[in-house]
Amino acid sequence: MTALTIAVDKMHCAGCAGRVEKAVRAAPGVTEAAVNLASKTLHVDFAAPASVADIAERLDKAGYPARRAEVGFDIDNMSCASCVARVERALGAVPGVLAAEVNFAAKSARVRYLEGQVSEADLAQTLARAGYPGRRASGSDRTAGVADRDAAEAQDLTRALWLAAALALPVFILEMGGHLVPAFHHWIAGNIGLWPVWVFEFVLTTLVLVGPGRRFYATGFPALLRGAPDMNSLVAVGTAAAYGYSVVATFLPALLPADARAVYFEAAAVIVALILLGRLLEARARGRTGAAIRRLIGLRPDTAEVFRDGRETVVPVDEVLVGDLVRVRPGGRIPVDGTLSEGESWVDESMITGEPLPVAKGNGDAVVAGTVNGTGSFLFRATGVGSDTKLAGIIRMVEAAQGAKLPVQGLVDRITLWFVPAVMAAAALTVIAWLAFGPEPALTRALVAGVAVLIIACPCAMGLATPTSIMVGTGRAADLGILFRKGDALQGLSGVRVVAVDKTGTLTEGRPALTDLVLAEGFERAEVLSLAAAVERASEHPIARAIVDAATAEGAAEQAATAFRSVTGFGAQADIGGREVLVGADRLMAREGVGLGVLAEAGSDLGRVGKTPIYVAVDGRAAAVIAVSDPLKPTTAAAIAGLHRLGLKVAMVTGDNRAAAEAIAAKLGIDEVVAEVPPEGKVAAIDALRAKGGRLAFIGDGINDAPALAHADVGIAIGTGTDVAIESADVVLMSGDLQGVVNAVDISARTMRNIRQNLIWAFGYNVALIPVAAGLLYPAFGLMLSPMLAAGSMAMSSVFVLTNALRLRFVQPVLAEGQMKPAAALRPAAA
């Protein structure tokens with residue numbers, strides 16, 4: 001039986017308390033549910049099959065959500081992939097924890113839990129008891145801290161490696177030199193004697209093990225005693241076995257048969273040196289995986305020039321307040337987000353959006369922290385500071401994506417949880433088999449084979465295979481202006497077969513302009529424009545803005561509208577000077593029973609050339625058809641072609657009339673058009689496209705696209721769109737350029753290919769070499785794998801995985817500056 005105390009939101013009265021208790025008590029396994037309305041908490045007693053997640057879900061459905069929190073930890077003592085599953089299991093066993101995700105490459109964990117039941121201190125204590133002490137991490141400070149920790153670890157490993165190598169080298173030369181050069185062995189035996197040499201080797205090896213090698217024993221043996229052996233346990237047991245056997249052979253030789261009196265000091269010493277080398281290379285490579293975030297953090301200047309109390313002063317950027325007037329000088333980096341209020345300039349926003357060309361900025365234009373001013377000087381009013389800047393949001397998104405766990409990683413973690421115990425069992429069986437069936441000296445051969453199995457089978461490469469590729473791939477994507485807000489989108493995007501695209505603001509500029517106005521008999525242009533503009537002034541739709549701007553430009557009389565009513569997906573209507581005016585699509589006219597007459601044909605003709613016909617009716621009579629055209633973005637055609645050459649089908653989902661939509665589709669080569677779709681119909685349109693074509697990504701930028709972005713397998717938001725659309729999406733393109741979609745699909749495919757390469761290598765390496773280490777080749781070829789070679793190959797296995805992942809840092813965009821690359825460059829090739 002488990003007891004929980006959960007903080008619950010939205011409880012205001014006894015009726016709320018009763019509904020909460022009823023909802024939770026209905027869960028199978030719940031024996032008691034009692035609400036304390038004063039503290040707004042719920043106490044629950046439950047047993048299987050009920051779970052924390054099930055209770056939280058029932059509260060959500062009842063409309064009284066459990067209060068949740070999330071915290072990140074930097075974790076020590078994680079040495080291999082098997083540690084990941086143990087840390088997750090320990091955290092997940094804490095009552096009130098909803099989910100725990102551990103990233104081995106970043107040595108970090110993110111925990112989601114229920115407020116009121118669990119505290120950060122409880123989680124930290126759990127980590128310490130499990131043998132993996134953790135410290136709370138937060139925001140950009142965390143990233144800087146991780147970088148400092150990686151650098152400190154690399155320095156410590158460098159010192160340890162040099163000391164281990166200096167001590168192990170004489171041991172290696174004395175022992176292996178004698179095996180490789182018989183004359184050298186005879187010289188030592190005749191002039192020095194084997195026993196003094198063994199004593200000398202004993203002294204040096206002891207110094208290696210109690211000095212640089214102490215870290216393996218300090219964590220490996222306690223983990224073994226807890227019943228949770230890790231990579232340190234394998235190294236500790238293997239080197240201790242070789243060392244202990246050698247000590248007996250040196251100081252108590254009578255305990256061993258004459259033909260088994262040999263020493264393996266060089267194996268113990270060199271194994272420690274080689275594994276330290278592998279860890280050093282791993283730490284340095286791991287430090288490079290977070291380079292993208294460190295570059296983003298480095299974009300923010302340390303100080304800002306602000307006007308306060310009538311004078312200009314330089315303050316730390318963390319002290320800039322919303323509303324401060326900030327000066328940016330030529331060539332300076334913008335410290336916070338804001339709106340330009342005086343002056344003008346060109347600003348290089350490439351580090352945020354990926355767009356290579358500077359952007360003109362004038363009065364009222366937005367400027368973003370981290371971007372670089374050109375030759376002009378200007379003042380701007382701060383609107384976003386600290387963690388509220390766009391740059392800080394980007395850093396949070398990249399950190400979340402880099403720390404995410406793909407579905408494929410779950411299988412790896414389950415395997416590696418049991419891998420180390422299985423390896424230790426395999427090593428024990430190897431020793432037993434050699435003692436039972438091996439030729440003399442069986443004891444010596446059994447020791448060599450057992451130690452080799454322990455050393456070669458470290459699952460480090462397995463644990464690094466996925467998270468390092470994710471960290472490097474998402475970091476490189478951020479460099480290209482592509483933000484994976486959710487980690488599983490990286491895997492999901494690589495499997496997409498259909499890309500559905502909203503038209504306005506995505507394919508087009510989103511700034512339509514009036515191009516034609518065809519009048520019905522009895523109406524005048526100025527009159528119709530005046531009436532249509534009066535209706536549309538209350539609307540924020542881009543087409544409405546185009547009509548209002550045209551009326552203003554032509555000097556049409558401005559009239560007041562009353563009883564305005566927007567008909568979503570159809571148009572709008574209002575009373576103007578006692579006249580009822582309708583402005584909207586042909587379906588609005590049909591719904592209101594307005595006959596279009598000759599205007600219907602005129603509207604069709606305009607639609608066939610890609611313009612959007614908007615009809616105006618006055619007092620139930622069709623007055624005019626207005627054509628509005630939204631120009632295509634310059635790079636749209638290249639982006640659609642790029643998606644096709646990646647093997648993807650492209651569909652357009654739009655509320656425009658079919659004729660206009662099909663004209664644009666024909667011009668761009670779009671495969672399928674779903675037109676005249678009201679906002680609430682986009683989800684159904686996505687379902688229909690997905691049923692025909694497979695996994696689907698939807699691209700949009702508006703508030704009305706949010707449901708479709710959330711419903712698609714992968715939602716991709718244009719970064720110049722609304723905040724609601726961005727929050728609903730899985731992937732965000734920082735620029736307004738659709739070519740970013742092509743680059744996102746390409747880098748997703750490359751990253752997943754890179755992960756598969758790493759996993760094949762990591763698992764294949766262990767499957768192939770564990771039998772070799774156990775002595776598989778001895779019966780046929782008389783060959784046994786030296787523990788030293790096992791240590792070297794194990795270290796190089798992890799280095800191979802990290803090096804392969806780091807190749808993603810050099811992925812180039814397949815579409816850049818709107819230019820199409822050759823067809824070969826657009827295939828989802830290996831990274």
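The values are calculated or read from the model by the stated rules, or taken from the named source; none is laboratory data. It should be emphasised that the depicted structure is a prediction, and the values quoted were computed from it without experimental measurement. Because the Cβ atoms are built from the backbone with ideal geometry, glycine has one as well, and the counts that use them run over all protein chains shown. With ligands, DNA and RNA removed, areas are computed over all heavy atoms of the protein, side chains included. Shrake-Rupley method; radii C 1.70, N 1.55, O 1.52, S 1.80 Å.
Evaluating Pro421 against the criteria (1) touching a residue at least 60 places away in the same chain (Cβ under 8 Å); (2) touching a helix residue (DSSP H, G or I) at 6+ places or on another chain (Cβ under 7 Å) leaves one unmet condition, (2).
Entry remark, segment 198-220: residues being closer than 27 Å to Arg261 by Cα and without any contact (Cβ under 8 Å) to a residue 40 or more places away in the chain number 6 in total. What number of residues in segment 641-666 are buried (at least 20 other Cβ atoms within 10 Å of the Cβ) and acidic (Asp, Glu)? Counting residues in segment 641-666 that are buried (at least 20 other Cβ atoms within 10 Å of the Cβ) and acidic (Asp, Glu) gives 1.
Could you list, in sequence order, the residues of segment 667-714 that are among the basic types (Lys, Arg), closer than 30 Å to Met589 by Cβ and surrounded by fewer than 21 Cβ atoms within 10 Å (Cβ to Cβ)? Spell out the reasoning first.
Step one: filter segment 667-714 for residues among the basic types (Lys, Arg), giving 667, 682, 690, 692, 695.
With closer than 30 Å to Met589 by Cβ added as a condition, the list becomes 667, 682.
Answer for segment 667-714, where residues must be among the basic types (Lys, Arg), closer than 30 Å to Met589 by Cβ and surrounded by fewer than 21 Cβ atoms within 10 Å (Cβ to Cβ): just Lys667.
Just need a number here: residues in segment 273-285 that are out of contact with any Leu (no Cβ under 7 Å at 6 or more places or on another chain) and either open to solvent by less than 30 Å² (accessible area, probe 1.4 Å) or modelled with pLDDT under 70 (or both). Before the answer, list the steps.
Our first condition is that a residue be out of contact with any Leu (no Cβ under 7 Å at 6 or more places or on another chain); within segment 273-285, this holds for 274-275, 278, 281, 284.
Narrowing the set further to residues that are either open to solvent by less than 30 Å² (accessible area, probe 1.4 Å) or modelled with pLDDT under 70 (or both) leaves 275, 278.
Number of matching residues: 2.
For segment 176-190, check the following and say yes or no: at least one residue is surrounded by 21 or more Cβ atoms within 10 Å (Cβ to Cβ) and either modelled with pLDDT of 85 or more or more than 28 Å from Arg215 (Cβ to Cβ) (or both). No. Condition check for Thr468 on (1) over 30 Å from Ile760 (Cα atoms); (2) open to solvent by less than 40 Å² (accessible area, probe 1.4 Å); (3) among the polar types (S, T, N, Q): one failure, at (1). Evaluate the following for Ser539: is it open to solvent by 70 Å² or more (accessible area, probe 1.4 Å) and in contact with a Ser or Thr (Cβ under 7 Å, 6 or more places away or on another chain)? It is false that Ser539 is open to solvent by 70 Å² or more (accessible area, probe 1.4 Å) and in contact with a Ser or Thr (Cβ under 7 Å, 6 or more places away or on another chain). Contact annotation: residue pairs with Cβ atoms under 9 Å, 6 or more positions apart or on different chains, pairing a residue in segment 337-358 that is more than 19 Å from Pro301 (Cα to Cα) and of a type outside the set (Gly, Ala, Ser) with a partner that is modelled with pLDDT under 80 and assigned to a helix (DSSP H, G or I), are Pro356/Ser350; Leu357/Ser350; Pro358/Ser350.
Note on segment 618-732: enclosed strands (runs of 3 or more DSSP E) holding 1 or more residues that are small (Gly, Ala, Ser) and at pLDDT 90 or above are 621-629, 649-653, 696-700.
Go over the candidates Thr219, Thr206 one by one and state the one that is at pLDDT below 85, out of contact with any His (no Cβ under 6 Å at 6 or more places or on another chain), open to solvent by 10 Å² or more (accessible area, probe 1.4 Å) and assigned to a helix (DSSP H, G or I). Step through it out loud before you land on a result.
Values: Thr206 fails: at pLDDT below 85.
Testing whether each residue is at pLDDT below 85, out of contact with any His (no Cβ under 6 Å at 6 or more places or on another chain), open to solvent by 10 Å² or more (accessible area, probe 1.4 Å) and assigned to a helix (DSSP H, G or I) leaves just Thr219.
Look at Val24 and say whether it is open to solvent by less than 20 Å² (accessible area, probe 1.4 Å) and part of a loop (DSSP other than H, G, I, E, B). Considered against the rule, which asks whether it is open to solvent by less than 20 Å² (accessible area, probe 1.4 Å) and part of a loop (DSSP other than H, G, I, E, B), Val24 comes out as no. If I filter segment 222-269 down to residues being without any contact (Cβ under 8 Å) to a residue 40 or more places away in the chain and not in a helix (DSSP H, G or I), which single residue comes out as surrounded by the most Cβ atoms within 10 Å (Cβ to Cβ)? By that ranking, first place goes to Arg261. Regarding Asp605, is this residue charged (D, E, K, R), open to solvent by 10 Å² or more (accessible area, probe 1.4 Å) and either closer than 19 Å to Glu509 by Cβ or part of a strand (DSSP E or B) (or both)? Answer is no for this residue.
The single condition among (1) touching a strand residue (DSSP E or B) at 6+ places or on another chain (Cβ under 8 Å); (2) over 26 Å from Ala7 (Cα atoms) that Ser79 does not satisfy is (1). Go through segment 764-798 and report how many residues are aromatic (Phe, Trp, Tyr) and surrounded by 17 or more Cβ atoms within 10 Å (Cβ to Cβ). Residues flagged as aromatic (Phe, Trp, Tyr) and surrounded by 17 or more Cβ atoms within 10 Å (Cβ to Cβ) within segment 764-798 amount to 2.
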